[in-house]
Amino acid sequence: MSFSIGELVTRISHNHDLLFRIASLTEDTAVVHGEDIRLVADASLDDLTHVQKRDLQKRKQKEKEQEEFSYRLFRQDYQLMKEKRDYQSSNGYQNTSSFFQLPAKVLHIDGDQTYLRKCIDLYKRMGLQVHGVYVSEKEMPFEIGPLIEKIQPNIIVITGHDAFSKNKGLKNDLRAYRHSKYFAETVRAARQKVPNLDQLVIFAGACQSHFESLIRAGANFASSPSRINIHALDPVYIAAKIAYTPFMEKVSVWDALRNTLTGEKGMGGVETRGLLRTGMPYIAEEESEE
C-alpha cells in the first residue's frame, strides 16, 4: 500500500481511533500528526490504512459538532460576562455614559501550520486580536524573546505537537517526551522578559505534554496533567476566557477549562487575573474631530 505526504490515515493497531495526516515518510515508517488533536507519532507503514471518503465525512461531521458545542458554551459564558460588565460599568444601568474596552493581545506560536490556521479562525470568530506565528517546536526557545519585544502581547500560547513514549522513560522523565523540553524552555525564556504571571498569561503544551515542568517553568496553564491528548483548539478557549474576564477578577482553573473540549484531565493551571480593562467615556471619531 502506497502513501504520500499530507494524506489522511488511521492506525490499525489502535483500532482506527484517531485521524492522522502524514507529515513525513521513509522507506517503511511515517511520522503522523493528529488531524484534530495535538499528537505526533511514529508509525510503521504496515500499520497505516487509507481513510475512506464515507468514514472521513462521518469523522469530520462528528468533529464539527463537538467544536460547535464548545463554541456555544463559550458564547453563553461570554454573554453572561458581558451583561455583568455592562451592569458594573453603568453603575447598575444608572449611568448612561458609553464606555470602551482595551482588548488583550494574543501571541499564538504553533508548531503546526494547519492547526495555526484553525486557531486563528476561531480567535477571529471570538473577536480577539491575535498574532499567529508558525515556529517549529525546537526553534521556539530562540524565537520567543524577539517576538515578545516586537508584539508586546498580554497572552502567549505556546503549542504544537508532543507525545510521551514509554520506551524512552517514565512519566516524570522529561526525556521521554518529544517536545515538552522545548515548550518548557520557551516558557522560561518568556518569563525572563515578563516575570509577572498576571501581566503576561502563558498557555503551553500539546498532547501528552509534561504538565509539571511547564507550570514550574512559569506557565499559567498547561497540558497535560493526565498525559492525554488535547484538542487543537483547546488553547484558544483558555486564552479567550482570560481575555474577556475583567482584570479586577480572578479566573479559577475550573472556569478556564470548562468550555474546552478536553477538560481538566488534559489541561490544568493556576488562578490568574483577567486582562480586560474598561474605560469611559467612549468618544466617537466624528466628535473628537469637532
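I need the Debye-formula profile for region 183-264: one equal scatterer per C-alpha, no solvent, reported as log10 I(q)/I(0) at q = 0.11, 0.13, 0.14, 0.19 1/Å, two decimals. Relative scattering, expressed as log10 I(q)/I(0), comes to -0.27, -0.38, -0.44, -0.82. Relative contact order for the chain: 17 percent, from Cα pairs under 8 Å spaced at least 6 residues apart, divided by residue count.
Order Met140, Met248, most accessible first, counting only protein heavy atoms with a 1.4 angstrom probe. Before the final figure, lay out each step's value.
On the way: Met140 0, Met248 140 Å².
Per-residue accessible area, sorted high to low, gives Met248, Met140.
Charge dipole of the chain (Cα centre as origin; +1 on each Lys and Arg Cβ, -1 on each Asp and Glu Cβ, all else neutral): 680 debye, rounded to the nearest 20. Under 15 Å from a label point set 7 Å out along the Cα-to-Cβ vector of Gln57, no amide N atom of region 1-37 is found. Please give every one of the lysines within straight-line cross-link reach of Lys168, meaning a C-alpha to C-alpha distance under 23 Å, and leave out same-chain neighbours fewer than 8 residues apart. Within the straight-line cut-off, Lys168 pairs with Lys138, Lys181, Lys265. When a/c is below 1.5 the answer is rounded, else prolate if a/b is larger than b/c, else oblate, so apply that to region 2-71 with a ≥ b ≥ c taken from the square roots of the Cα gyration tensor eigenvalues. In terms of gyration-tensor shape, prolate. Shown in residue order for region 183-189 are the 3J(HN,Hα) couplings computed by the Karplus curve 6.51 cos²θ - 1.76 cosθ + 1.60 at θ = phi - 60°: 4, 5, 5, 5, 4, 4, 5 Hz (x for Gly and Pro).
For region 164-290, averaging the sequence separation of C-alpha pairs within contact (under 8 Å, six or more residues apart) and dividing by the residue count gives a relative contact order of 21 percent. Here region 118-204 yields Rg over Rh of 1.01, to two decimals, using C-alpha coordinates and the Kirkwood radius. Exposure here means at most 15 other Cβ atoms within 10 Å; with trypsin sites (Lys or Arg not before Pro) in a DSSP loop as sites, the longest stretch of the chain lacking them is 1-170.
Taking the C-alpha atoms only, the angle from helix 53-89 to the longest principal axis of the chain is near 20 degrees. Stokes-Einstein diffusion of region 215-256 at 20 °C, 1.002 mPa s viscosity, Kirkwood radius from Cα pairs, rounded to a whole number: 184 µm²/s. Its residue count N sets the reference 2.2 N^0.38 Å, and the alpha-carbon radius of gyration of region 158-222 equals 1.08 times that reference.
Extent of region 144-290 along its three principal axes (Cα atoms, max minus min coordinate, largest first): 70, 33, 22 Å. Each principal axis of the Cα atoms in the chain has its own extent, and those three values, largest first, are 71, 44, 36 angstrom. The heavy atoms of Val51 present about 30 square angstrom of accessible area, all protein chains included, probe 1.4 Å.
The values are calculated or read from the model by the stated rules, or taken from the named source; none is laboratory data. Nothing here was measured: the structure is a model prediction, and the numbers come from that model. Neighbour counts run over all protein chains shown; Cβ positions are idealised from the backbone, glycine included. SASA here: full protein model, heavy atoms, side chains in, ligands and nucleic acids out. Shrake-Rupley method; radii C 1.70, N 1.55, O 1.52, S 1.80 Å.
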